[in-house]
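Worksheet: the structure to be examined is printed underneath.
Please treat every number below as a calculation from the coordinates, not as lab data. On a predicted model such as this, the values are computed, not experimentally measured, just so you know. Because the Cβ atoms are built from the backbone with ideal geometry, glycine has one as well, and the counts that use them run over all protein chains shown.
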Amino acid sequence: MNNYFITGTSRGIGKALAELLLTDKDNFVYGMSRDQTISHANYRHCTLDMSDLSAVMNFTFPGLEDTDSITLINNSAVLGEITHAGKQNSDDIIQTYNIDLISPAILINNFLKEYQSFECRRIIMNISSGAAKKPLESWSSYCASKSGLAMLSEVVDLEQKLNHPSDPVYIFSVAPGIVDTSAQEFIRSTDPKNFGNVSKFIEFKNTDQLADPNDVAKKLLLILDSPGDFKDVLLDVRDFK
C-alpha cells in the first residue's frame, strides 16, 4: 500500500490529486483540511486547520506497517491580503506565514522524525508558486513564504544527501503554474488600487490560460510515481510535456 498525506484536500489541486490517487486501489490517502469533500473507502479525513499551529503540532503521523511508500504533500496555502506593505493587517500576515510556511515546516519535521528510518520510498512534495522566485506587488507575505518553503526544501534535500546518501527521503518544491482555483477568483476581485496587475489575471481567465487542477494533478503524479527521475528539487509542471 502507498500512503499519502495531503493538506488542503477540500478543493483545488489538493482535491484533484487526492481523487486521482484514489483511482488506484493500492493507494490510501489521508486528507488534512478543515472541510471534508471526499468520500472513499481508501480515504481518511483528518480535520486540521493549518493556521492553528497548536493543532498542527499536535497532529501525529500514524505508525505504518507493510507500506510500499509514504508521501507528504504540503498543498494548503493562502494568498493573504492583497495590498502593499504598510497597509497590511498584522493578523493576516501571521496567518499567511502560518499556513504557507510554518505549518508545512512543522509537518516536514515530524514526518522525518516518524518515517526517516522506514525502509520504503518516502517523498515530501511542497506545492510552490512562481511567486517564490518573482516579486509581485501586493503579494509580499505570499511571495516570501513560498520562497522560504522552496529554500527549506533545498536545505532538507542537502541534509538528506549528507546524512542518508544511500536512502534519502526525496523532497521537491513544485510550481503548478497558473491554476483555475478559488485563489484566482479572489485575485480577479481585487481592487486595482491595491493590485495594479489585476487586469492581467482577468485576462488569464478570459483567454483560457488557466490550467485545470486535474491536469496539474496528473503532472504531479509523474513526480510521485518516479521521483528518482527528477534530479532537481525546484520543479515547474509547465516544463513537463
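Scanning residues 5 or more positions from I124 or on other chains, those with amide H under 5 Å from its amide H are L72, Y170, I171, F172, with H placed 1.01 Å from N in the peptide plane.
With +1 assigned to the C-beta of every Lys and Arg and -1 to the C-beta of every Asp and Glu, and no other charges, what is the dipole magnitude of the range 33-175 about the Cα centre in debye, to the nearest 20? Each step should come with its number before you reach the end.
On the way: 10 positive and 17 negative charges, 65 e Å.
That gives a dipole near 320 debye.
Could I have the simple spin-label model distance between S199 and A85, label points 7 Å from Cα toward Cβ, reported in nm to one decimal? A separation of 2.7 nm, rounded to one decimal place.
Rounded to the nearest 20 Debye, what is the dipole magnitude of the chain about its Cα centre when Lys and Arg each give +1 and Asp and Glu each give -1 at the C-beta?
Values: 22 positive and 32 negative charges, 94 e Å.
Dipole about the Cα centre, nearest 20: 440 debye.
Rounded to whole numbers, the Karplus 3J(HN,Hα) couplings from phi for the range 55-71 are 5, 5, 5, 8, 5, 10, 5, x, x, 10, 10, 6, 9, 8, 7, 9, 9 Hz, using 6.51 cos²θ - 1.76 cosθ + 1.60 with θ = phi - 60°, and x at Gly and Pro.
3J(HN,Hα) along the range 131-143, derived from phi through the Karplus expression 6.51 cos²θ - 1.76 cosθ + 1.60 where θ = phi - 60°, amounts to 5, 5, 10, 10, x, 10, 4, 6, 10, 4, 5, 5, 4 Hz, with x in place of Gly and Pro. Computed from backbone phi with θ = phi - 60° and the Karplus coefficients 6.51, -1.76 and 1.60, the 3J(HN,Hα) list for the range 199-213 is 5, 5, 6, 5, 5, 3, 6, 5, 10, 6, 9, 8, 7, 6, x Hz; x is used for glycine and proline. Here the contact order of the range 1-130, divided by its residue count and restricted to Cα pairs under 8 Å and six or more residues apart, works out to 26 percent. Extending 7 Å from the Cα toward the beta-carbon at both N206 and E185 defines two label points whose distance is 2.0 nm.
Pairs exceeding 26 Å between alpha-carbon atoms, taken from K87/K146; K205/K231; K25/K218; K113/K133; K133/K200; K113/K161: K205/K231; K113/K133. The convex hull built on the alpha-carbon positions of the chain has an orientation-averaged projected area of 13.1 nm².
Full extension of the segment from K133 to S54, taken as 0.36 nm per residue of separation minus the current Cα-Cα distance, would add 25.5 nm.
Taking amide H positions as modeled 1.01 Å from N, with prolines and chain starts lacking one, the residues under 5 Å from H45 and 5 or more places away or on another chain are G31.
So how much slack lies between R11 and D24, counting 0.36 nm per residue of separation and subtracting their Cα-Cα distance, in nm? Intermediate results must be reported in sequence, preceding the final value.
Details: separation 13, 0.36 × 13 = 4.68 nm, distance 1.98 nm.
Residue separation times 0.36 nm, minus the Cα-Cα distance, leaves 2.7 nm.
For A211, nonlocal amide neighbours, meaning residues 5 or more places apart or on other chains whose placed amide H falls under 5 Å from its own, are I178, V179, D180. Average 1/r across all pairs of distinct alpha carbons in the range 101-241, invert it, and you get the Kirkwood radius: 16.6 Å.
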